[in-house]
Amino acid sequence: MKRALISVTDKTGLIPFVNKLKSFGYEIISTGGTYQMLIGQGISCLKIDEVTHFPEIFEGRVKTLHPMVHGGLLGKRDSELHIKEANEQGIHWIDMAVVNLYPFRETMIKADATDESIIENIDIGGPSMIRSAAKNHRFVSVVTDIKDYDMIIDSMDAFGNLSDDFRRRLAAKAFQLTAQYDAWIAGYLAEEIYPERLTLTYTKKEILRYGENPHQSAALYETGEKLPYSLTSAIKLHGKELSYNNIQDANASLMILKEFSLASVVAVKHMNPCGIGSDNDLYKAWKKAYEADPVSIFGGIIAVNQRFTKEIALELVALFLEVIIAPDYEEEALSILKEKKNLRILQESMGSRKPRFDI
């Protein structure tokens with residue numbers, strides 16, 4: 001009988017997924033809260049200490065760090081030596097590991113988080129199991145993303161198992177997860193302004209229709225932080241999806257805009273500012289920005305740092321623009337702008353920061 005070890009913090013979609021594994025003949029091993037949930041739903045499974053023959057200790061800090069678990073994950077099924085040693089030690093193979101991790105980052109960014117609560121959410125057993133299963137992906141399927149559940153079931157329905165290539169892709173995804181997780185922890189613990197090793201990590205937000213040119217491909221990645229003046233934090237209120245060039249220009253406009261404290265308007269075309277206006281009044285700032293170069297603004301990006309008004313919208317609607325970005329919009333202004341079907345209208349709160357310029 002095949003075995004699947006299930007130990008997850010995010011339990012979204014878990015019950016139907018486990019029920020399908022059961023229908024494929026998998027015996028389920030589980031831990032802690034996951035075990036309690038499965039049993040509560042009437043799904044029979046082995047508790048982890050029935051496999052390790054050792055109780056969970058230290059408030060659950062030690063439960064899966066055991067040869068019965070990692071031997072079951074790491075043993076090579078085509079090695080006579082590994083098979084012999086597994087039989088001698090009573091180790092049963094584990095064919096699938098379904099694991100996601102303690103919410104370290106989610107805990108870290110909470111306003112009321114304490115150092116103790118953040119440290120407690122550093123997962124040890126989860127990454128260890130993921131790495132063991134991923135290393136041995138020739139024989140073990142490692143599942144770390146709930147979005148993969150349906151694809152895994154579809155493949156098993158169609159072929160009875162997961163292909164070598166599929167398991168390898170899952171393993172790559174697993175190591176990407178643990179690398180990102182460790183980078184978050186290292187960043188939190190580091191006290192140096194310039195640490196000896198700086199590891200930056202991003203998560204794919206979306207695949208773009210094409211890159212800088214139609215024959216090229218591109219994707220947008222984000223850190224996951226909700227930063228002011230960040231395009232990845234913006235909400236699209238209207239219009240087509242952003243292209244690679246839209247994103248480049250929009251980001252450039254925000255990077256310029258954040259340097260000003262007064263009501264300001266930035267116009268950008270092909271990564272170059274073609275007009276910047278700053279004044280006590282947003283409309284006057286708009287006029288300054290537009291009059292700086294009323295030709296190059298055609299097909300460009302407009303970003304403002306105050307509520308977008310009807311007065312400006314009535315003038316802008318006559319222009320061809322790709323994107324408008326503002327922290328808020330007057331209702332009438334939004335209605336006017338939405339008359340342009342393809343115009344991307346973005347809302348970015350922009351937050352507070354100390355600007356460099358007062359003009």
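The values are calculated or read from the model by the stated rules, or taken from the named source; none is laboratory data. Nothing here was measured: the structure is a model prediction, and the numbers come from that model. When we count neighbours, we look across all protein chains shown, and the Cβ atoms used for this are built from the backbone with ideal geometry, even at glycine.
Summary of values
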| quantity | calculated |
| --- | --- |
| Qualifying residue in the stretch 210-218 (condition: surrounded by 12 or more Cβ atoms within 10 Å (Cβ to Cβ) and under 30 Å from ASP328 (Cβ atoms)) | yes |
| Scope the stretch 142-161; condition of a type in the set (A, V, I, L, M, F, W, C) and at pLDDT 95 or above; matching residues | VAL142, VAL143, ILE146, MET151, ILE152, ILE153 |
| Scope the stretch 33-87; condition touching a strand residue (DSSP E or B) at 6+ places or on another chain (Cβ under 6 Å) and polar (S, T, N, Q); matching residues | THR34 |
| Criterion violated by ASP249 - all others in (1) over 30 Å from ALA183 (Cα atoms); (2) surrounded by 22 or more Cβ atoms within 10 Å (Cβ to Cβ); (3) out of contact with any helix residue (DSSP H, G or I) (no Cβ under 8 Å at 6 or more places or on another chain) satisfied | (1) |
| Matching entry among LEU231, LEU321, LEU257 (being more than 30 Å from MET108 (Cβ to Cβ) and either in contact with a helix residue (DSSP H, G or I) (Cβ under 9 Å, 6 or more places away or on another chain) or not hydroxyl-bearing (Ser, Thr, Tyr) (or both)) | LEU321 |
| Some residue of the stretch 253-265 being out of contact with any strand residue (DSSP E or B) (no Cβ under 9 Å at 6 or more places or on another chain) and either hydroxyl-bearing (Ser, Thr, Tyr) or closer than 22 Å to ILE336 by Cβ (or both) | no |
| Among residues of the stretch 83-94, those that are β-branched (Val, Ile, Thr) and not in a loop (DSSP other than H, G, I, E, B), counted | 1 |
| THR114 within 25 Å of GLU59 (Cα to Cα), of a type in the set (Ser, Thr, Tyr) and in contact with a helix residue (DSSP H, G or I) (Cβ under 7 Å, 6 or more places away or on another chain) | no |
| Subset of the stretch 33-82 that is basic (Lys, Arg) and part of a loop (DSSP other than H, G, I, E, B) - its residue that is surrounded by the most Cβ atoms within 10 Å (Cβ to Cβ) | LYS63 |
| Test: residue in the stretch 55-68 that is basic (Lys, Arg) and either within 18 Å of ILE124 (Cα to Cα) or more than 31 Å from the chain's Cα centre (by Cα) (or both) | yes |
| Top-ranked residue of the stretch 213-239 - restricted to ones that are among the small types (Gly, Ala, Ser) and without any contact (Cβ under 8 Å) to a residue 60 or more places away in the chain, ranked as farthest from ILE345 (Cα to Cα) | SER217 |
| Any hit, the stretch 186-197, residues being surrounded by 12 or more Cβ atoms within 10 Å (Cβ to Cβ) and touching a Ser or Thr at 6+ places or on another chain (Cβ under 6 Å) | no |
| Matching residues in the stretch 96-121 - criterion: being without any contact (Cβ under 8 Å) to a residue 60 or more places away in the chain and not acidic (Asp, Glu) | THR107, LYS110, ALA111, ALA113, THR114, SER117, ILE119, ASN121 |
| Selection within the stretch 1-32 - in a helix (DSSP H, G or I) and at negative phi | LEU14, ILE15, PRO16, PHE17, VAL18, ASN19, LYS20, LEU21, LYS22, SER23 |
| Given (1) within 21 Å of HIS53 (Cα to Cα); (2) free of Cβ contacts under 8 Å to residues at least 60 places away in the same chain; (3) among the aromatic types (Phe, Trp, Tyr), number of the condition TRP93 does not satisfy | (2) |
| Selection status of GLY224, out of contact with any helix residue (DSSP H, G or I) (no Cβ under 6 Å at 6 or more places or on another chain), at pLDDT below 90 and on the phi > 0 side of the Ramachandran plot | yes |
| Residue that is surrounded by the fewest Cβ atoms within 10 Å (Cβ to Cβ), among those in the stretch 1-15 that are over 18 Å from ILE130 (Cβ atoms) and free of Cβ contacts under 8 Å to residues at least 40 places away in the same chain | MET1 |
| Output for the stretch 124-150, where each listed residue is touching a residue at least 60 places away in the same chain (Cβ under 8 Å), surrounded by 19 or more Cβ atoms within 10 Å (Cβ to Cβ) and not in a helix (DSSP H, G or I) | ASN136, VAL140 |
